[in-house]
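Q: Below you will find the structure I want to go over with you.
The values are calculated or read from the model by the stated rules, or taken from the named source; none is laboratory data. Computed from a prediction, not measured in an experiment: that's the story for all the values here. Using ideal geometry, Cβ is built from the backbone for each residue, glycine included, and neighbour counts are taken over all protein chains shown. In case anyone asks, the SASA skips ligands and DNA or RNA and just uses the protein heavy atoms, side chains included. Shrake-Rupley method; radii C 1.70, N 1.55, O 1.52, S 1.80 Å.
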2 protein chains.
Amino acid sequence: MIGAMTAQTSPHDAPDVSGLSIAILGGTGDQGRGLARRFALAGHDVILGSRSAQRAQDAADGLGADLPVRGLANADAAAAADVVIAAVPWDGHRDLLASLREVLAGKIVVDCVNPLGFDKQGAYALPVEEGSAAQQAAAVLPDSRVVAAFHHVSAVVLLDPEVAEVDLDVLVLGDDRAAADTVRALAARIPGVRGIFGGRLRNAHQVEALTANLISVNRRYKTHAGIRITHV
Amino acid sequence: MIGAMTAQTSPHDAPDVSGLSIAILGGTGDQGRGLARRFALAGHDVILGSRSAQRAQDAADGLGADLPVRGLANADAAAAADVVIAAVPWDGHRDLLASLREVLAGKIVVDCVNPLGFDKQGAYALPVEEGSAAQQAAAVLPDSRVVAAFHHVSAVVLLDPEVAEVDLDVLVLGDDRAAADTVRALAARIPGVRGIFGGRLRNAHQVEALTANLISVNRRYKTHAGIRITHV
């Protein structure tokens, strides 16, 4: 009976992603560098993308010569990797992705962009014509497998060499189940992190926007808040 | 120095709410009954409200004769309590609250309503003209102190006598800081639960809508998911 049980599938089952290379568009920002550092520590080849290949390489060098991270122009980074993470500013998100439509065709594109505005009362969610940044990505990249994830990672925590395990669940959303499962597995490559399937892209807006609430938590409690999903 | 430290305030500080009575509008539903049960177990006088006083009393009786819960018509329940929780269906939310504007004047009104639609692909967030159910409540109750909270509680878990501690953080949102602190303290009356300040009412939409994602989690993992805020 125990042998039979091991053959069952679990909603936690995930593919082996250990050999995948990862490009991070907008990779010179804090979030991009933080993710790059953690994926490189997990053994992935990571390519930072930026408008300037030189700035991308400088950012890669800044993460430490011992880590397998290099820098290229965004289009070259996207072409070189198995999975592409979009960690670009919301301003320019649509145009950058649209410019990469051909090179991103067939690839898993992970959107982790939070469309937020800021005023003296803090952060708030911006309206998005397509519903969410992830749905905008899916609209301008019809030939890519768009997944939404990594919205709530704290760049400060990811970049902190004192933090060995990251206390966070990454909600992974997508209409392509196999692509979402791949991204769940990638999230779990960061020690302490679980990738939890959180629904279809039509429910991405509130996951992106929840970052505004976490910023409110950070202000009130002077911390770098994340979320865990209980009972999973 | 230790004596001096005890005089400092902490973002976790909260008022003593042990003597507050609580009305739950729409209290015959699963979420209302679940909250009623937990607050009554914590020693609060609880009044279930419903359109029919008889159905409210029947629901109160169903929670057990040993618990301090009674049932009244919605307006009478609202008048009788210190704090009023709106756990009504989204359909009719605006009209019910507007009809109670005078009796709710000056009171803390806790909105825990999630405007969701359902189709064969699951749950999704409904658009709300005012931005969120909580903002709608604030618009129709200008003389009340509206707070948003308790969106992600699982009625199944709250009603389960086997569950002594509930593994959940309740995000509490409001523009009236003192009212939000009172509701944070009320959340913490449920064993296991923390009340975490999660921002202003303008950021309530995504907290309400996140319930759709938790429903997706529930489907995928066959569970009753909640959330915890890490690093707080």
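Q: Do you know which of the residues in the stretch A:79-101 that are in contact (Cβ under 8 Å) with a residue 12 or more places away in the chain and assigned to a loop (DSSP other than H, G, I, E, B) is surrounded by the fewest Cβ atoms within 10 Å (Cβ to Cβ)? Even if it seems obvious, please write down each step before you answer.
A: Going residue by residue through the stretch A:79-101, those that are in contact (Cβ under 8 Å) with a residue 12 or more places away in the chain are A:79-90, A:93-94, A:96-101.
When the remaining residues are screened for being assigned to a loop (DSSP other than H, G, I, E, B), the result is A:81-82, A:87-90, A:100-101.
On the way: A:Ala81: 23, A:Asp82: 15, A:Ala87: 26, A:Val88: 27, A:Pro89: 11, A:Trp90: 16, A:Leu100: 24, A:Arg101: 13.
This residue is A:Pro89.
Q: Same structure, new question: Test of understanding: among A:Gly43, A:Gly27, which residue is modelled with pLDDT of 95 or more and of a type in the set (Gly, Ala, Ser)?
A: Of the residues listed, the single one that is modelled with pLDDT of 95 or more and of a type in the set (Gly, Ala, Ser) is A:Gly43.
Q: In addition: Has the stretch B:153-161 got at least one residue that is within 11 Å of another protein chain (Cβ to nearest Cβ), open to solvent by 10 Å² or more (accessible area, probe 1.4 Å), within 22 Å of A:Gly226 (Cα to Cα) and not in a strand (DSSP E or B)?
A: yes
A quick yes/no check of all residues on (1) over 19 Å from A:Phe39 (Cβ atoms); (2) among the aromatic types (Phe, Trp, Tyr); (3) in contact with a His (Cβ under 9 Å, 6 or more places away or on another chain):
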{"position": "A:Leu67", "(1), (2), (3)": "no, no, no"}
{"position": "A:Ala73", "(1), (2), (3)": "yes, no, no"}
{"position": "A:Pro115", "(1), (2), (3)": "yes, no, yes"}
{"position": "A:Ala125", "(1), (2), (3)": "yes, no, yes"}
{"position": "A:Ala133", "(1), (2), (3)": "yes, no, yes"}
{"position": "A:Asp143", "(1), (2), (3)": "yes, no, no"}
{"position": "A:Pro161", "(1), (2), (3)": "no, no, no"}
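Each row is one residue, and each column tells you yes or no for (1) open to solvent by 20 Å² or more (accessible area, probe 1.4 Å); (2) farther than 26 Å from B:Gly106 by Cβ; (3) within 10 Å of chain A (Cβ to nearest Cβ); (4) touching a Gly at 6+ places or on another chain (Cβ under 7 Å).
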position	(1), (2), (3), (4)
B:Val163	yes, yes, no, no
B:Val166	no, yes, yes, yes
B:Val170	no, no, no, yes
B:Ala178	yes, no, no, no
B:Phe197	no, no, yes, no
B:Ala209	no, yes, yes, no
B:Asn213	no, yes, yes, yes
B:Lys222	yes, yes, yes, no
B:His231	yes, yes, yes, yes
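Q: Right, A:Ala98: over 22 Å from A:Ala187 (Cβ atoms) and either in contact with a Cys (Cβ under 9 Å, 6 or more places away or on another chain) or small (Gly, Ala, Ser) (or both) or not? Before you say what the answer is, go through the steps one by one.
A: Values: over 22 Å from A:Ala187 (Cβ atoms): yes; either in contact with a Cys (Cβ under 9 Å, 6 or more places away or on another chain) or small (Gly, Ala, Ser) (or both): yes.
Yes.
Q: Return yes when B:Leu116 is aliphatic (A, V, I, L, M), modelled with pLDDT of 95 or more, open to solvent by 10 Å² or more (accessible area, probe 1.4 Å) and more than 26 Å from B:His12 (Cβ to Cβ) and no when it is not.
A: So B:Leu116 passes the test.
Q: Give the stretch B:39-52 a look and list any residue that's buried (at least 16 other Cβ atoms within 10 Å of the Cβ) and farther than 11 Å from B:Gly26 by Cα, or say none.
A: B:Phe39, B:Ala40, B:Leu41, B:Ala42, B:His44, B:Asp45, B:Val46
Q: Please find, within the stretch A:180-195, the residue that is nearest to the other protein chains (Cβ to nearest Cβ) out of those that are under 20 Å from A:Asp160 (Cβ atoms) and of a type in the set (D, E, K, R).
A: Going residue by residue through the stretch A:180-195, those that are under 20 Å from A:Asp160 (Cβ atoms) are A:187-194.
Adding the requirement that they be of a type in the set (D, E, K, R) leaves A:189, A:194.
Values: A:Arg189: 19, A:Arg194: 11 Å.
Of everything passing the filter in the stretch A:180-195, A:Arg194 is nearest to the other protein chains (Cβ to nearest Cβ).
Q: What do you reckon, is B:Ser132 closer than 16 Å to B:Ala212 by Cβ and surrounded by 15 or more Cβ atoms within 10 Å (Cβ to Cβ)?
A: yes
Q: Kindly evaluate A:Thr182 against the criterion of being farther than 23 Å from A:Gly117 by Cβ and of a type in the set (S, T, N, Q).
A: When the stated conditions are applied, A:Thr182 passes them.
Q: Okay, moving on. Residue check: is A:Asp66 part of a loop (DSSP other than H, G, I, E, B), under 26 Å from A:Ala125 (Cα atoms), more than 14 Å from every other protein chain (Cβ to nearest Cβ) and free of Cβ contacts under 8 Å to residues at least 24 places away in the same chain?
A: In short, no.
One line per residue, one yes/no per condition, for (1) more than 17 Å from A:Val83 (Cβ to Cβ); (2) in contact with a Pro (Cβ under 8 Å, 6 or more places away or on another chain); (3) among the basic types (Lys, Arg):
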{"residue": "A:Ile22", "(1), (2), (3)": "no, no, no"}
{"residue": "A:Ala40", "(1), (2), (3)": "no, yes, no"}
{"residue": "A:Gln54", "(1), (2), (3)": "yes, no, no"}
{"residue": "A:Asp61", "(1), (2), (3)": "yes, no, no"}
{"residue": "A:Ala65", "(1), (2), (3)": "yes, no, no"}
{"residue": "A:Val69", "(1), (2), (3)": "no, no, no"}
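Q: Picking from B:Leu104, B:Leu35, which residue would you name as being at pLDDT 95 or above, crowded, with 23+ Cβ neighbours inside 10 Å and part of a loop (DSSP other than H, G, I, E, B)?
A: B:Leu104
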